[in-house]
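Throughout, read-outs are computed from the coordinates displayed, never taken from laboratory work. Please read these numbers as outputs of a predicted model, since none were measured by experiment. Don't worry about glycine lacking a Cβ; one is built from the backbone with ideal geometry, like all the others, and counts go over all protein chains shown.
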Amino acid sequence: MGSREQWGSRQGFVLATIGAAVGLGNIWRFSYVAGENGGAVFLFLYLICIALVGLPLVIAELSLGRRAQGDAVAAFEFADNGTPWRRLGWISVAAAVLILSYYAVIAGWALKYFIGAASGNLWTTAGVGFGAFFQQFIADPGEPIGWQAAMIAAAMFTVAGGVQRGIERINRWLMPVLVIIIMGLAAYALFLPNAGAGVRFLFAPDWSVLSEPAVYIAALGQAFFSLGIGMAIFVTYGSYMPRTFSLPSSAAAIAFGDSLFAIVAGLAIFPAVFAFGVDPTAGPELAFITLPQVFLDMPGGRVIGAIFFALLSMAAFTSMVALMEVPVSVAVHRLKLRRWTASAAVGAVVFAVGIPSAMSFGMLAHIQIGRHGILDAIDAGVSNFLLPISGVLVAVFVGWRLKRSDSLHEADLAGSRLGDAWLWLLRILVPITILTILLQSASTL
């Protein structure tokens, strides 16, 4: 298959892969989905989904990529060429492109707010209200597209630099910064008045919420979206992984780091929300309407607000880099394009595909897909259906289609009881859990 670039170090690989997982899903999405689904009970179910569904799939995807040493499509062709299974990689690549198309739009919102908070312009909107400001911004026919383009361009230039000089280098610098920022924000929030109510909301469960099927759907969807399962990110990153790296311990570090970041983000947001009497079920606008008002009311809030939106922008950027690498790797491998050419081409396609999402609150607001606008419909379809379906197919493929000895060997779990447990999780528990929740999700449409 020819030589293929590899990660420079295990630490760089783990940081880059955690950077791929840590993003808007851990901060923006986790906060409002947890708020809408009971807080602590949602967190409990989310962690179970990470442990029993997410981690086994991360190991499976990494092992497929490392085995093939090729792009996401090649990983399945290499393992099972000549059958319909070889097309499985294209589903994950399509998911990555679709997610990146609207993810870049929301990342652009975060960048807009960071620039506004840092310059002070954001805080001058307090007179007209942050709700009116946000609605006016996302309804503008051109401005959201400009911010979307800026984020895509930044990710494109990083991916064009390659694995070690681009992706690994930027994550080695950004991930420690993100950790320092989120821990600092959480420490500050915990000392706000009535912060204990926010902590209880996140950690003291109301078990009656378990009777609501929507909570299970939300927890599984968040686990997939947050970790990045089903998007071919781990297959692609795994293909750059040397044999000397321990795959199970790397996967565990990724899942643990991603989950811990989400929890600390919750500790940064919910104590502040409760300290200022804000409704935690505020929904997707929590980060862009509710929290700016909270920052304006708290001591030193303008500085805290600028730091928060810097965090949101950088976290979104690291995930965008990972998502873009998936189709770029395919273009380099299959079309024999130079990395710079492939990055530019993918960036242009993603930008074009994302324009309807950027305009879905303005000129295209009249277009509804079911009960959703364009951006929300793509998010719901990918997060609640396409990613879980991709996850089921990966679990069945690695658990049943590949030889047992090959699956265990590629995952560095041969001769281990943990290997047997992992394989049976993939074969039985993961597909049944995902399919059950998928059926519940479909019944709520």
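A few points about this structure:
- With θ taken as phi - 60° and the Karplus curve 6.51 cos²θ - 1.76 cosθ + 1.60 applied, the whole-hertz 3J(HN,Hα) list for the range 312-319 is 4, 5, 5, 5, 4, 5, 5, 6 Hz, x standing for glycine and proline.
- Förster radius 22 Å - calculated FRET efficiency between Arg200 and Thr281 (Cβ-Cβ, nearest 0.05): 0.90
- Spin-label model distance (nm) - Ile369 vs Leu439, 7 Å beyond Cα toward Cβ: 2.6
- Top of Ile180, Ile217, Ile170 by mean-square fluctuation, Gaussian network on the chain, Cα under 10 Å: Ile180
- Trp85, Trp147 arranged by Cβ crowding within 10 Å, fewest neighbours leading: Trp85, Trp147
- In terms of surrounding Cβ atoms within a 10 Å radius of their Cβ, Arg29, Arg371, Arg401 rank from fewest to most as Arg371, Arg401, Arg29.
- Only helical runs count toward this figure. For the chain, summing -39,500 (n - 2.57) over DSSP H runs of n ≥ 4 and dividing by all residues gives -22000 deg cm²/dmol at 222 nm.
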